[in-house]
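Shown next, in structure tokens, is the structure this report addresses.
The values are calculated or read from the model by the stated rules, or taken from the named source; none is laboratory data. As the structure is a prediction and not an experimental result, all values here were calculated from the model. Every residue, glycine among them, receives a Cβ derived from its backbone with ideal geometry; neighbour counts consider all protein chains shown.
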Amino acid sequence: MRVVLALGSNLGRRMDNLQGALDALFDAPGLTFVAVSPVYETDPVGGPDQGPYLNAVVVAESMLDARTLLERAQGVENAFGRVRLVRNGPRTLDVDLIMVDGIVSDDPELTLPHPRAHERAFVLVPWSRADPDATIPGRGAVADLLAGLDQTGVRPREDLSLEPPA
Ligand SMILES: Nc1ncnc2c1ncn2[C@@H]1O[C@H](COP(=O)(O)OP(=O)(O)OP(=O)(O)O)[C@@H](O)[C@H]1O
Ligand SMILES: Nc1nc2c(c(=O)[nH]1)N=C(CO)CN2
């Protein structure tokens with residue numbers, strides 16, 4: 001199954017956190033790397049006053065079911081010291097499941113596609129670079145969604161790039 005994951009970090013060594021997460025996600029069987037987006041510096045959306053994020057999007061082929069994939073993502077977040085003090089608060093690492101094939105689920109534990117992805121330029125901009133033909137089930141083409149979004153809070157960091165997982 002084709003899966004799309006969003007990576008974000010705005011605490012600590014942000015770039016090390018993103019690269020470490022990328023390596024860790026693929027360090028176990030079940031996931032095959034397809035593509036990673038460029039890295040973007042992004043203004044925090046929602047939540048308390050906090051520092052800017054680095055965001056990126058990863059595309060992969062998964063043999064894992066969606067729940068197992070979520071558990072792997074959360075395991076990697078925990079390995080990078082993710083503490084949840086306040087909703088949408090700053091974090092060393094966030095790994096969100098944006099899409100798992102065409103699965104549509106409103107299960108609060110795992111809502112797919114991610115319920116806020118279609119309105120987040122910090123997800124759609126990198127995603128459109130990793131997969132120009134991306135579409136969100138029930139929401140349409142990422143390129144079309146982007147046309148209606150303010151992208152000023154999302155800035156490419158040409159000086160940074162994520163290496164494909166080791
Ligand atoms: N598509 C999804 N990807 C990741 N977590 C999800 C998803 N759908 C539901 N969840 C649930 O959301 C809970 C809270 O996740 P988290 O604290 O990372 O939210 P957040 O990333 O801060 O906010 P947002 O969900 O707006 O991105 C997790 O415990 C998880 O079970
Ligand atoms: N710029 C930016 N803002 C956010 C982000 C994020 O990754 N980047 N993640 C959030 C919760 O998932 C809330 N706000």
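Determine, yes or no, whether His118 is of a type outside the set (Lys, Arg), in a helix (DSSP H, G or I) and surrounded by 12 or more Cβ atoms within 10 Å (Cβ to Cβ). When the stated conditions are applied, His118 passes them.
Per the conditions (1) more than 25 Å from Val76 (Cα to Cα); (2) away from ligand 1 (no atom under 14 Å from the Cβ), the sole criterion not satisfied by Pro126 is (1). Scanning segment 72-84 for residues that are in contact with a Leu (Cβ under 8 Å, 6 or more places away or on another chain), within 17 Å of Gly30 (Cβ to Cβ) and either near ligand 1 (Cβ under 8 Å from one of its atoms) or modelled with pLDDT under 95 (or both) turns up just one, Ala73. When restricted to residues that are within 7 Å of ligand 1 (Cβ to nearest atom) and over 13 Å from Ala6 (Cβ atoms), segment 85-99 contains 2. Among the residues of segment 31-71, those identified as within 12 Å of ligand 1 (Cβ to nearest atom), closer than 20 Å to Ser105 by Cβ, surrounded by fewer than 22 Cβ atoms within 10 Å (Cβ to Cβ) and touching a residue at least 40 places away in the same chain (Cβ under 8 Å) are Ala66, Arg67, Leu70. Here is the figure for segment 63-115: residues that are more than 14 Å from ligand 2 (Cβ to nearest atom) and in a strand (DSSP E or B) total 7.
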